[in-house]
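Structure first, commentary second.
Derivation of every value follows stated rules applied to the coordinates shown; laboratory data play no part. This one's a predicted model, so the numbers in the text were calculated from it and none came from an experiment. Positions of Cβ are backbone-derived with ideal geometry, glycine not excepted, and every protein chain shown enters the neighbour counts.
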Amino acid sequence: MKIAILGSRGRLGAALLKCWASEPDFTVRGFARPEFDLLDLASIDRALDGGESFDWVVNCAANTNVDACERQPEEARLANAVSPRRIAERCARTGARLIHISTDYVFDGRAREPYAEDAAPSPLSVYGQSKADGEFNVLSVLPTAIVARVSWVFGPEKPSFIDMLLRNALGSEKVAAIDDKWSAPTYTTDLAAWLAALIHADAPGGIYHLVNAGTCTWREYGEHALSCAAAQGLPVKTQRVEPLAMADMETFVAERPVYTVLSSARFTEVTKIVPRPWQDAVAEYLRTHPPF
Ligand SMILES: NC(=O)c1ccc[n+]([C@@H]2O[C@H](COP(=O)([O-])OP(=O)(O)OC[C@H]3O[C@@H](n4cnc5c(N)ncnc54)[C@H](OP(=O)(O)O)[C@@H]3O)[C@@H](O)[C@H]2O)c1
């Protein structure tokens with residue numbers, strides 16, 4: 001199976017490129033800037049309809065900077081909503097199946113139980129709106145596309161919250177993280193296996209939620225990471241993470257949803273895979289990728 005990964009230098013795209021290199025029936029080709037640019041529609045045409053043919057296209061590329069999207073809405077719309085439509089059009093034309101990665105930020109966060117795949121999007125930010133529009137555009141053009149929503153992605157290819165918190169705790173006795181925002185961390189290695197399972201199952205199109213099981217705040221996520229690190233003998237100076245409130249985050253430009261836990265029931269129904277708890281995924285990540 002020939003698979004194109006768009007955004008192959010990002011946290012998820014790079015993980016897919018690496019993990020899928022050892023999938024026996026996958027031949028993987030990555031596309032990244034400058035060869036492939038979401039702000040240049042002609043580059044999408046060249047990548048997907050310019051000689052090479054693909055059985056599957058996985059779009060991991062996006063403008064993921066929530067506050068930059070708020071400041072530059074037109075650029076966000078082009079990268080996250082208009083270009084995904086073009087990608088879907090190219091896939092429709094060439095007969096490739098498409099996996100488009102999306103986000104928990106399509107929801108407003110007012111729920112207090114996990115969002116089902118068919119819950120109505122109601123984004124709070126330009127980023128969330130642009131991603132929701134991208135989902136809609138992709139599925140309108142190509143109903144066989146798989147839209148995979150993920151949340152709080154971490155993994156070895158690019159530092160994220162967990163790596164920064166650990167680095168801070170290795171140098172300081174005081175670390176802090178937001179304690180009034182709930183979601184679930186998602187490990188790129190697990191995501192690579194889940195997405196491969198959807199491909200192998202030739203899964204029906206539509207929306208899937210691909211996240212590790214459970215719920216936590218950033219503070220709880222951080223404290224678990226510090227206790228795993230300490231258990232491995234890493235010289236963290238504290239295992240306690242002080243609570244911060246979202247309202248105190250003066251650098252935030254865009255409004256963030258408070259609660260965006262996603263139910264992955266449909267994914268389990270189709271693949272029979274039950275995602276492992278986020279705590280287990282974090283422990284494995286720190287065991288296999290110690291910070292130094
Ligand atoms: N990270 C999270 O916690 C999170 C949470 C929910 C959903 N998601 C979704 O998951 C997907 C993957 O995100 P990620 O965590 O891997 O983020 P990431 O590390 O920021 O990767 C995004 C990739 O998109 C590329 N990109 C940005 N603008 C581009 C453009 N104009 N043309 C071509 N490529 C462009 C970036 O390229 P450069 O490397 O050149 O900058 C980067 O490689 C995205 O759809 C995101 O919305 C992520």
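Ellipsoid fit via the Cα gyration tensor, the chain: semi-axes of 31, 21, 18 Å, each the root of five times an eigenvalue, largest first. Annotation for the range 188-225 versus the range 273-292: alpha-carbon center distance of 12 Å.
Among G233, G30, G155, which one moves the most in a GNM of the chain with springs linking Cα atoms closer than 10 Å? In the Gaussian network model the winner is G233.
Remark: the Cα gyration tensor places the range 173-292 in the oblate category, a/c being 1.5 or greater and a/b not exceeding b/c.
Here is the list for the range 126-182: GluC sites (Glu not before Pro) lying in DSSP coil, each with at most 15 other C-beta atoms within 10 angstrom of its C-beta, are E173.
Across the range 77-195, the relative contact order, built from alpha-carbon pairs under 8 Å that are at least six residues apart, equals 29 percent. About its Cα centre, the range 106-253 has a charge dipole of approximately 300 debye under the convention of +1 per Lys or Arg Cβ and -1 per Asp or Glu Cβ, with nothing else charged. Around the Cα centre of the chain, unit charges on the Cβ atoms of Lys, Arg, Asp and Glu (plus for the first two, minus for the last two) sum to a dipole of about 420 debye. Per residue, the average separation of C-alpha pairs within less than 8 Å and at least 6 apart gives the chain a relative contact order of 20 percent.
Comparing A120, A15, A197 in a Gaussian network model of the chain (Cα springs below 10 Å), the most mobile by mean-square fluctuation is A120. The listed peptides 100-111, 235-246, 136-147, ordered by packing as a protection proxy, come out as 100-111, 136-147, 235-246 (highest mean of other Cβ atoms within 10 Å first).
Rounded to the nearest 0.05, what FRET efficiency do E35 and I273 have when you use their Cβ-Cβ distance and R0 = 25 Å?
0.15
When both bridge partners sit in the chain, DSSP labels roughly 5% of those beta bridges antiparallel. The alpha carbon radius of gyration of the range 63-204, expressed as a multiple of 2.2 N^0.38 Å, is 1.17.
Mean residue ellipticity at 222 nm, helices only, the chain: -11500 deg cm²/dmol; runs of at least 4 DSSP H residues each add -39,500 (n - 2.57), and the sum is divided by the number of residues. With each label modelled as a point 7 angstrom along the Cα→C-beta vector, the A201-S53 pair spans 2.8 nm.
Set against the 2.2 N^0.38 Å expectation for a compact globular protein, the range 200-252 has a Cα radius of gyration ratio of 1.75.
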